[in-house]
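Read the structure below first, then the notes.
The values are calculated or read from the model by the stated rules, or taken from the named source; none is laboratory data. Bear in mind that the values here come from a model prediction, so they are computed numbers and not experimental data. Positions of Cβ are backbone-derived with ideal geometry, glycine not excepted, and every protein chain shown enters the neighbour counts. Side chains included, ligands, DNA and RNA excluded: accessible areas come from the protein's heavy atoms. Shrake-Rupley method; radii C 1.70, N 1.55, O 1.52, S 1.80 Å.
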Amino acid sequence: MSRFPTAQPLSVLLTLVLMILAPTSALAQEHSSGGNSIDPAGQLQYLEDPEDQWTIQDLTGRQDWKATEGGFNQGYSRSTWWLKVPLMNPGSETLTRYLEISYPMLDHLEVYLVNDGQVLERYSLGDKQPFASRPLNHQNFVVPMQLPPGSERTLYLQISSSSIVQAPLTFWNPDAFLEANFDQLFTSGLFFGALILIAAYNLLLAIGLRDKSYLFYVGYVVSMTLFLASVDGLAFRFLLPNAPNWADQVLVMSLPALTVFAGLFARNLLDIPAFSRALDIVTVTHISLAFLLLVASFFLPYAASIKLGMLAALSGSAISLWAGPSAWLHKQPAGKFYTYAWTALFVCSVLHSLGRLGVFDVPWLTNNIMPVGVITEVLILSLALGERINSERQQRVSAQLDALAAEEQATAELERRVMQRNEELAVLNAQLQSLTHTDQLTSLSNRRNFENHLHKEFNRCRRNNRPLTVTLLDVDHFKNVNDRWGHQIGDICLQALARQMEKVANGTSTMAARIGGEEFCLLLPEVNAVDAYRIAEQLRADIADIPIPCADETIHITVSIGVATMIPGVGGSAEELLKDADLAMYQAKNSGRNQVRVRKSVSPGPGVSSTLDQP
């Protein structure tokens, strides 16, 4: 059986790259000679279950297990794989060990501890399950197990995944594991903390200088941080522990996002259009394709997304290695620093890869050279930004002196034209004001106008100690409507829904607004939770009864509604109220759609709050 079942050169290349970028603990482990950790690769056996039809009872008596050559890695594979490791405790005391499977991107992982064909313990793991279901709080899969004195056990693992199928196993002494875990978290904290500080600092510069290069740079650093944290399992552990699907989505989104921002940053920083039309065409094309991949990652299978994302990142790196020296040769101010930055990352990547492939045996260098390379690259790129800003500042000073004289000459002409344009601008401003406050399809208020009105009513209800209710509506299965009957019918549905909402929002303070594609909001000042639920339920029923003519038939739409009510206090905010309504709406969707869920929030003062969810 090939270690890379797709048998395609591109798949093999991307598998190797992802292995190199995988968590350090997953492929390069240091095991102390004192027995604190043991790699069981020499005793590991495996079987392939292409049809995913075997159970643990089918495996315990089989004799056709295959020995692994070193670690277990099958690349991208659609099969289910079974692993087997014999365990023994020849001592006179109970032996406690932690089993660590240090590859956090496995979709499904079942761990069985078996004695004479009887399953003693079973753990269901994988990154498709909530993080809280793990027996130990760790970004990798860690299972505690005990072996009685003089006992023999057999460990079985069942693995299937849309990512690389590999299982780096380590048996740890519990104390040694806790110490190693502390060291790893400390190092990761320093690394990711440095990236976050760099991104935050440059974001402040972007706001202060109003330079989009800094924004692209911040996007690049943030995307890289999310990608590395996702690969390391830290994003799932600390950011999205209860949303495994979104944790996977962050990983597949971060690669094309990183590529998009890297391309935009290079094009803007180096001013590529100024010195190479061919390079600019390649860069813009690559950015566009990466952006399409970013959008497509929401719909493509995980394996396809990660492969295409890695291909985009590799080709983007090649373009960057081309762009830096080209800009340097054309005397671009930041070209030198840009070349230094990517060269440093490239050299560190090569050293890291050589260490992983066993060319040299320096574990500390292998395990730490990539973080050093990443930090070095982002710091040098930050210096490149500063160099370009200084150069542009000098050019601006010179240009400002020239412009000052021209400005004085133009002042008289400008004053004459200002009077002529005032009347035209007044008309245009009135039209623009209407456009900025109204959704053109439904004639309801748009999101911007709604948010302004929400804060105004929030402050008024706070002064008067009166309740404020926000009702969020989302059309159920609206994509299916567009796909089956077309966007024209979809627009008619939204307009019909808007008319129904206008019947409810007939007061001076109430407001109906369209705040997203198929998402609407109803603001109800001085309406309590009970009345709000009654209004929302009636609105839901009325919308469901609206007949929508479509060709030779009539269709109906339904909505899921989330209601949140708050008596604003000193400690509350309009954003919290809107968030509560959003949570209630998603609860309605997750409970089967076409229903209302209420979330009541009371914020009488700082540090005091309570919530009530009503089905």
Spelling out what I want: for every residue of segment 56-66, take phi, set θ = phi - 60°, compute 6.51 cos²θ - 1.76 cosθ + 1.60 (Karplus), and round to whole Hz; glycine and proline get x. 4, 5, 6, 9, 5, x, 6, 10, 9, 5, 10
Take the chain, drop everything but the C-alpha atoms, weight them equally and run the Debye formula without solvent; then report log10 I(q)/I(0) at 0.05, 0.07, 0.11 Å⁻¹ to two decimals. -0.33, -0.64, -1.24
Which of 196, 319, 272 is most accessible, then next, and so on - probe 1.4 Å: 196, 319, 272
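Ranked highest first by average number of other Cβ atoms within 10 Å, how do 169-181, 217-229 line up?
Details: 169-181: 17.9, 217-229: 22.8.
Ranked from most to least packed, the peptides come out as 217-229, 169-181.
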Helix 244-270 sits at what angle to the longest principal axis of the chain, using alpha carbons and giving 0 to 90 degrees rounded to 10? 70
Give me the angle, in degrees from 0 to 90, between the Cα long axis of helix 212-231 and the longest principal axis of the Cα atoms of the chain, rounded to the nearest 10. 30
In whole Å, what are the extents of segment 424-516 along the principal axes defined by its C-alpha atoms, from largest to smallest? 49, 43, 19
Relative to the Cα centre, what is the charge dipole magnitude of the chain, using +1 at the beta carbon of each Lys and Arg, -1 at the beta carbon of each Asp and Glu, and rounding to the nearest 20 debye? 980
Listed by chain and number, the residues whose amide H is under 5 Å from that of residue 121, excluding neighbours fewer than 5 places away on the same chain and using placed H, are 113
Percent of accessible area on segment 538-587 owned by carbon and sulfur, 1.4 Å probe? 53
Counting only helical runs of four or more DSSP H residues, what would the 222 nm mean residue ellipticity of the chain come to if each run contributes -39,500 (n - 2.57) and the total is spread over all its residues? -18500 deg cm²/dmol
Give the relative contact order (percent, whole number) for segment 155-276; include only Cα pairs under 8 Å separated by 6+ residues. 21
Calculate log10 I(q)/I(0) of segment 190-233 for q = 0.15, 0.17, 0.21, 0.28 Å⁻¹, where I(q) comes from the Debye formula with a single equal point scatterer on each Cα and nothing for solvent. -0.36, -0.45, -0.63, -0.91
Residues whose modelled amide H sits under 5 Å from the amide H of residue 163, counting only those 5 or more places away in sequence or on another chain, are 107
For segment 406-496, with all protein chains present and a 1.4 Å probe, just round the carbon and sulfur fraction of the accessible area to a whole percent. 49
Per residue accessible area in Å² of segment 462-501, where ligands, DNA and RNA are left out and the probe is 1.4 Å: 49
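Within the accessible area of segment 110-236, what % is carbon and sulfur when the probe is 1.4 Å and the other protein chains stay in place?
Carbon and sulfur: 61 percent of the exposed surface of segment 110-236.
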Long-range amide H contacts for residue 49: which residues qualify at under 5 Å (H placed 1.01 Å from N, peptide plane, sequence gap of 5 or more or a different chain)? 80, 81, 82
Have a look at 260, 449, 166 and report the one farthest towards the positive end of the charge dipole of the chain, computed about the Cα centre with Cβ charges (Lys/Arg +1, Asp/Glu -1). 449
Counting heavy atoms of the protein chains only and a 1.4 Å probe, report the per residue accessible area for segment 60-118 as a whole number of Å². 45
How large are Rg and Dmax for segment 482-544 when calculated on the C-alpha trace, in angstrom? 13.0, 41
Mean Cβ count within 10 Å, highest first, over the residues of peptides 87-94, 416-423: 87-94, 416-423
Would you mind pulling out the separation of the Cα centroids of segment 544-578 and segment 131-195, in Å? 44
Could you work out the relative contact order of the chain, using alpha carbon pairs under 8 angstrom and six or more residues apart, expressed as a whole percent? 9
Given 440-447, 483-490, 161-168, the highest-first ranking by average Cβ count within 10 Å works out to 161-168, 440-447, 483-490
With every protein chain present, what is the per residue accessible area of segment 267-426 (1.4 Å probe, Å²)? 58
What list of whole percents do you get for P(r) of segment 73-217, with Cα-Cα distances grouped in 5 Å bins up to the one holding the largest distance? 2, 8, 15, 15, 15, 12, 9, 7, 6, 4, 3, 2, 1, 1, 0
Under the Karplus relation with 6.51, -1.76 and 1.60 and θ = phi - 60°, whole-Hz ³J(HN,Hα) for segment 168-184, x at Gly and Pro, equal x, 9, 9, 9, 10, 5, x, 5, 5, 5, 4, 5, 5, 5, 4, 4, 5
For q = 0.15, 0.18, 0.20 Å⁻¹, Debye-computed log10 I/I(0) when each Cα of segment 426-584 counts as one equal scatterer: -0.80, -1.07, -1.24
Pairs of lysine residues in the chain - Cα separation under 16 Å, sequence separation of 8 or more or cross-chain: 4
Does anyone have the angle between helix 487-504 and the longest principal axis of the chain? Alpha-carbon axes, 0 to 90°, nearest 10? 60
